[in-house]
Each structure stands twice: as structure tokens, then as C-alpha cells.
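Heads up: the structure comes next, in C-alpha cells.
The values are calculated or read from the model by the stated rules, or taken from the named source; none is laboratory data. This is a predicted model, so every value here is computed, not measured. Cβ placement follows ideal geometry from the backbone for every residue including glycine, while neighbour counts extend to all protein chains displayed.
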Amino acid sequence: MYKVAVTREFIANHFLIGGDWGAENEPHAHHYVVEVSIESDTLDEHGYLVDIVDIEAGLDGIVDYFRDTMLNDKPEFEGLNPSIEHFSRILNQKLAKKIKMGPTGTLSVKLWENESCWAAYKSEI
């Protein structure tokens, strides 16, 4: 199985809703690290799983969209608690639309909100 990965860092703000989580209910920032990995057992005619430049370009555009914003105000989070679980799925779905790869594979997005806490979402692409 082949695997290619790219990481990016960015800061975004949010506050949790729907429960009593103390300080997390107040607006605050996280220094996020997003790790994107793509896996497949096949390569294209150039020996690529996916062109890493395409992954970087797609991910950079998505990160720029969320960087320095209040996640709660983004339409993707309407009616949702802006948890790292939801955020990792949203990032995955946005990136899946931008990646061109062979007939089968998986896209995983692991989103760190600090040095020890992360959530991930994996999809077939």
C-alpha cells in the first residue's frame, strides 16, 4: 500500500455549543495542524499515487479559507458544534473534491488542536 502525506498549520477560532464545557464555551483560538494522507495500492503512469503539488494546492486553499476566522460563522458549521471531529470531516470532504487520483484509494485527514489532542476522518475516494 502506498501512502502520501502533507501537513499544514493554521490558527482559527471557535467556541463550543450545546453543552457546558466551561472555558471552551467562550471564543478562543487553536493552533491547528492538519495532516492529510492518501493511500492506494496503485500508482499512475508517472509512478505517482497523487501529484503532491495538487494535494498542497488544494489543502492551501482550504486552510486559507479557515485561517484566522471564527469557525462558528462559517456555513459549513451551521447547526453543528465546531468540534475537531466535525472539522476533520469537513476538511476531508472539501479536499476530496480537489484531488484527482486513480480508481481507488482512501483520504484521511487528521486534525490536531494542540500537541496531544486530535481527531480524524477517513473516506474512500
Which is touching a residue at least 24 places away in the same chain (Cβ under 8 Å) and of a type in the set (Lys, Arg), of Lys74, Lys100?
Lys100
Quick check: is even one residue across region 88-96 surrounded by fewer than 20 Cβ atoms within 10 Å (Cβ to Cβ) and in a loop (DSSP other than H, G, I, E, B)?
no
First in region 83-97 and among the polar types (S, T, N, Q), second anywhere and modelled with pLDDT of 95 or more and assigned to a helix (DSSP H, G or I), Cβ under 6 Å, 6 or more apart
none
May I ask you to list the residues in region 65-89 that are among the polar types (S, T, N, Q) and more than 17 Å from Asn25 (Cβ to Cβ)?
Thr69, Ser88
Go through (1) out of contact with any Cys (no Cβ under 8 Å at 6 or more places or on another chain); (2) within 22 Å of Asn114 (Cα to Cα) and name the single condition Val4 misses.
(2)
In region 25-53, how many are under 25 Å from Asp68 (Cβ atoms) and surrounded by 15 or more Cβ atoms within 10 Å (Cβ to Cβ)?
6
Taking Ser123, is it surrounded by fewer than 20 Cβ atoms within 10 Å (Cβ to Cβ), out of contact with any Cys (no Cβ under 9 Å at 6 or more places or on another chain) and in a strand (DSSP E or B)?
yes
Only residues that are closer than 14 Å to Asp54 by Cα and crowded, with 17+ Cβ neighbours inside 10 Å: list them for region 97-109, please.
Ile99, Met101, Leu107
Gly19 passes all but one of the listed conditions (1) surrounded by 13 or more Cβ atoms within 10 Å (Cβ to Cβ); (2) modelled with pLDDT under 95; the exception is number (1)
Of everything in region 54-78, what is surrounded by 16 or more Cβ atoms within 10 Å (Cβ to Cβ) and not small (Gly, Ala, Ser)? Give them in sequence order.
Ile55, Leu59, Ile62, Val63, Phe66, Leu71, Asn72, Lys74, Glu76, Phe77
If you go through region 41-50 one residue at a time, do you hit one that is at pLDDT 95 or above, in a loop (DSSP other than H, G, I, E, B), over 15 Å from the mean Cα position of the chain (by Cα) and more than 13 Å from Leu107 (Cα to Cα)?
no
